[in-house]
C-alpha cells in the first residue's frame with residue numbers, strides 16, 4: 001500500500017520534487033562600494049575595471065532581444081499553478097530581455113562563473129540582436145578571475 005501511494009505521489013501533476021532539466025544557480029548577492037552585485041566574480045571584475053581606468057557602466061543597459069508578440073494558434077501547455085496536465089495558455093508572449101554586466105565603449109563583459117540553463121540561449125539571441133541591428137561590441141565571457149584579467153588586457157590592447 002505504501003509503495004502505491006509513493007508511486008501515485010510521483011505521478012501526480014502537483015509533485016514538485018526533482019524537477020528535471022532545471023538548473024538554478026544560487027550565487028550570493030554581495031554589496032561593495034554601495035552597489036549590489038550578483039556574485040563575487042562581478043565584484044572582482046568591477047575592481048579590476050576601476051584599477052584599469054577603463055570607463056564602463058554596471059548593469060545600466062537593458063536590451064529587448066525578442067519583442068513581445070501574439071501567438072494566433074492554440075497552445076496547450078502544463079499549468080504549474082493548478083497542476084493540470086495541459087491547459088490552454090495565453091496567446092500573448094512576453095518579451096525576452098538581456099542586461100549585460102559591464103558595458104564600455106565598444107565592449108561588453110558578462111561574468112558567468114556558473115551559468116543557468118537559460119543563459120546560453122539568451123547569449124545567442126543577444127549576439128543575433130547585435131548582428132541584426134548592426135551594433136558593434138566586442139563580447140567577453142570570462143568564467144574566472146584569470147579570464148577577467150585577460151579580458152581587461154585585451155580591451156586595453158584593442159582601444
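Please treat every number below as a calculation from the coordinates, not as lab data. Remember, predicted model here, so these are calculated numbers, not experimental data. Cβ placement follows ideal geometry from the backbone for every residue including glycine, while neighbour counts extend to all protein chains displayed.
With the simple model of a label 7 Å out from the Cα in the direction of the Cβ, residue 66 to residue 82 spans 2.4 nm. For the listed peptides 115-125, 39-49, 84-94, a ranking on the average number of other beta carbons within 10 Å per residue, highest first, reads 39-49, 115-125, 84-94. Normalised size of region 50-159, defined as Cα radius of gyration per 2.2 N^0.38 Å with N residues, equals 1.41. Note on region 54-98: percent of Cα-Cα distances in each 5 Å bin, starting at 0 and stopping at the bin with the largest distance, equals 5, 17, 15, 15, 15, 11, 8, 6, 4, 3, 1. Estimated from the Cβ-Cβ distance and a Förster radius of 30 angstrom, the FRET efficiency linking residue 157 and residue 136 is about 0.95. Computed from the Cα positions only, the extents of region 114-159 along the three principal axes stand at 28, 28, 6 Å, in decreasing order.
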